[in-house]
Amino acid sequence: MGTVAPNLMEVSATASVHKENGVVANPPKELDAGALFVLKSQGSWLHCGYHLTTSIVGPVLLSLPFALTLLGWVGGLICLALAGLVTFYSYNLLSLVLEHQEKLGHRQLRFRDMARDILGPGWGKYVVGPLQFGICYGAVIACTLLGGQSLKFIYLLSNPDGKMELYQFITMFGGVTIVLAQMPSFHSLRHINLVSLILCLAFSACVTAGSIYIGHSNKAPVRDYTVKGSAKDRNFGIFNAISIIATTYASGIIPEIQATLAPPVKGKMFKGLCVCYSVIVTTFFSVAISGYWAFGNEAMGTVLSNFMGDEKPLLPTWFLLMTNVFTLLQVSAVTVVYLQPTNEVFEKKFADPKMPQFSTRNVVPRLILRSLSVVVATTFAAMLPFFGDIMALLGAFGCIPLDFILPMIFYNATFKPSKQSLIFWVNTLIAGVSFLLVGVGAVASVRQIVIDAKTYRLFANM
């Protein structure tokens, strides 16, 4: 059984009082149970890279060929590259702000803490906190739905006449998630997230190889790379595609991931981001280019659907099974990562930081509350199998502000660059354009919900 003493000593050492020009910086504060137990600061930059990769690189990247159908070759690849550059820049800005705060003796461990200290208490409590919680818990629901769909796909491949329905598979996936949710801290996921990194490389390689194989086979569909639809549909399609790409690159938990780093944190986040983005470049571009090349403007919402063909699968059953097993295992890791903000909130409210982490006083509420949160997410996933459309709307309102707008504002507010400097105007431009995308992306998402509404049914077997 562990005790809290080592962590308190660690924090005290890293948050020791600094003196700059004779001014005493902020003295260290005693950590609450959420920060102490869930956001343990014990990881290396490699562990950080694993966490970052799992939070960004997931099965959602299988939608990238579809995004290219809405933009075409040139527009699609430019948007894909530009979003990668902007998010890498944005996440580095967040890291620099966090490092600066640590240097002043006030290490911020959560997104809402940054908003509270930089923009004011109301921003953390009423804006950033709810936004982040909604996005992260929404991601848990979406991942649970995706896990259930992957299980059903595997089941139907092995038993084409099977009668089991989607909600049953979602329930099975939720049962596995309840077990994984009991991992005590974000740092304790480091080995799971290393496996997740390997798995995302594996399923991306399978999808890329499958697309190339189909493209060169006699089963290859007739390829057309023109953007389909009326002028109105094409315009809305552009913003849908940008929203898909932005959401694919989104994380929403960068401060919480940096909080897992053992002090001093300077320079470690940049190394972790380099690990993450090397995987991103490898997977995102290979899947997007090969999938769009093989299927053209017939690429579906997930390229795995194209592999099934109109009448029979275009790839061997064993290959489809292997790809889906990789996807299923990886999405389980993504689900647990996005449970961490919820776990941290529960721990802060209901755990006692003065008691050992694994004491009965702390273990019982942890077990009950984490299990309950997974049960609720699983219920929503089973009830709302069309949750992907809702998540697109949440993504427009949450992912873009958290990952494209707030980092620019935090940097300008913290370091106060001159209004004549390039970095000030680059940050302002990115924030301004992103703000416009929030509005347009929300409108496009609502339009898609209206179009799809006729197919919505609770507990539908989709």
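The values are calculated or read from the model by the stated rules, or taken from the named source; none is laboratory data. What you see is a predicted model, and the numbers here were worked out from it, not measured in a lab. All Cβ positions, even for glycine, are placed from backbone atoms using ideal geometry, and neighbour counts span all protein chains on display. These accessible areas exclude ligands, DNA and RNA; they are computed on the full protein's heavy atoms, side chains included. Shrake-Rupley method; radii C 1.70, N 1.55, O 1.52, S 1.80 Å.
Quick look at the numbers
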{"read-out": "Hey, Ser44 under 25 Å from Pro356 (Cα atoms), open to solvent by 30 Å² or more (accessible area, probe 1.4 Å), modelled with pLDDT of 90 or more and among the small types (Gly, Ala, Ser) or not", "value": "yes"}
{"read-out": "Lone qualifier among Val364, Val374 - being part of a helix (DSSP H, G or I), surrounded by fewer than 20 Cβ atoms within 10 Å (Cβ to Cβ) and aliphatic (A, V, I, L, M)", "value": "Val364"}
{"read-out": "Residue match in the stretch 448-462 (condition: farther than 25 Å from Val128 by Cβ, aliphatic (A, V, I, L, M) and at pLDDT 90 or above)", "value": "no"}
{"read-out": "Residue ranges of helices (runs of 4 or more DSSP H) in the stretch 245-320 with at least 1 members under 30 Å from Asp113 (Cα atoms) and of a type in the set (A, V, I, L, M)", "value": "254-258, 268-295"}
{"read-out": "Residue ID - least open to solvent (accessible area, probe 1.4 Å), chosen from residues in the stretch 273-292 that are over 13 Å from Leu62 (Cβ atoms) and of a type in the set (Phe, Trp, Tyr)", "value": "Tyr277"}
{"read-out": "Any hit, the stretch 195-209, residues being closer than 19 Å to Lys312 by Cα, assigned to a helix (DSSP H, G or I), hydroxyl-bearing (Ser, Thr, Tyr) and touching a helix residue (DSSP H, G or I) at 6+ places or on another chain (Cβ under 7 Å)", "value": "no"}
{"read-out": "Filter pass, Lys312 being touching an Asp or Glu at 6+ places or on another chain (Cβ under 7 Å), modelled with pLDDT under 95 and surrounded by fewer than 19 Cβ atoms within 10 Å (Cβ to Cβ)", "value": "no"}
{"read-out": "In the stretch 47-68, residue nearest to Gly148 (Cα to Cα) [restricted to those that are of a type outside the set (Phe, Trp, Tyr) and open to solvent by 10 Å² or more (accessible area, probe 1.4 Å)]", "value": "Pro59"}
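This table checks each residue for (1) open to solvent by less than 30 Å² (accessible area, probe 1.4 Å); (2) in contact with a strand residue (DSSP E or B) (Cβ under 9 Å, 6 or more places away or on another chain).
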{"position": "Leu197", "(1), (2)": "yes, no"}
{"position": "Ile214", "(1), (2)": "yes, no"}
{"position": "Val227", "(1), (2)": "no, no"}
{"position": "Ile245", "(1), (2)": "yes, no"}
{"position": "Thr248", "(1), (2)": "yes, no"}
{"position": "Ile254", "(1), (2)": "yes, no"}
{"position": "Val265", "(1), (2)": "yes, no"}
{"position": "Met269", "(1), (2)": "yes, yes"}
{"position": "Ala294", "(1), (2)": "yes, no"}
